[in-house]
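What follows is a single structure, written as structure tokens, with notes after it.
The numbers here are math on the coordinates, done by the rules we state, and not lab data. None of these values were measured; they are calculated from a predicted model. Heads up, the Cβs are rebuilt from the backbone with ideal geometry, glycines too, and the neighbour counts pull from every protein chain shown.
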Amino acid sequence: MLHRLVFACALVALFGAGSSLRCEWMDHKFKQFSDTSLDLLGKMVINATNSTGDQEDAGEEVPFPHHLYRQVSQESAKKQVAFTVQVLKEVFVLFVEDSSFSSWQQSGLEKFLGVVNTLAERLHACVPGSLEPVHKTKLQMYFKRLLNHILKKQGYSVEAWEIIRKTTKTHLERTQRLLSALISS
């Protein structure tokens, strides 16, 4: 009888470990904060005075990493959250870079960075134990290319920051879609 009870407890523990990630903040607040970050980013749109074809050309130098999102979508919930946290951290670092030429209102930028930082911290807190980043090196290299091939190469111009803003919007939308399957209805 005792062996059956131990075996049953082991099965419950094993089944529980394999179940989806449960996090009350993620279930109730993630979408709200994610939507807020997208809204704030939308308000930071820049009306660039020089709208030549340079924006598309510069954007092609650093293709969006769709393949990383496809790969991580096949991973565990914990790895999907880890990937999202890493994306948010990289976005934060990118926007902390010299944005003095961006013509964004400083208060709007600070609010955006605060929301992005809160998203990263709260999602990180949703994962028990240490959070091992997924594709960390590839993401870091990608964001470094954005910095070097778009911002620095274009002298932190208004046009360059607009490319970064649009690319960031795509990242925030993709991370929101990635984690939407993990959120309880």
### Net length gained if the chain between V96 and I183 were fully extended (0.36 nm per residue, minus Cα distance)
28.4 nm
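What order do you get for 163-169, 67-73, 116-122 when each peptide is scored by the mean count of other beta carbon atoms within 10 Å, highest first? Show your work: numbers first, answer last.
Details: 163-169: 19.6, 67-73: 15.4, 116-122: 18.0.
By packing density, highest mean first, the sequence is 163-169, 116-122, 67-73.
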### Karplus-derived 3J(HN,Hα), 6.51/-1.76/1.60, for each residue of the range 107-124, Hz, glycine and proline x
5, x, 5, 5, 4, 4, 4, x, 5, 4, 5, 4, 4, 4, 5, 5, 5, 4
### Message
Could you derive backbone 3J(HN,Hα) for the range 68-77 from the dihedral phi with the Karplus parameters 6.51, -1.76 and 1.60 (θ = phi - 60°), listing whole Hz in sequence and x where the residue is Gly or Pro?
### Response
5, 5, 5, 4, 6, 5, 8, 8, 5, 4
### Query
Regarding the range 23-180, what is the average projected area of its C-alpha convex hull, in nm²?
8.7
### Message
Below 23 Å, Cα to Cα, which lysines can K136 reach? Residues fewer than 8 away in the same chain don't count.
### Response
K78, K79, K89, K144, K152, K166, K169
### Query
Under 5 Å between amide H atoms, partner at least 5 residues away or on a different chain: which partners does S157 have, H built in plane at 1.01 Å?
none
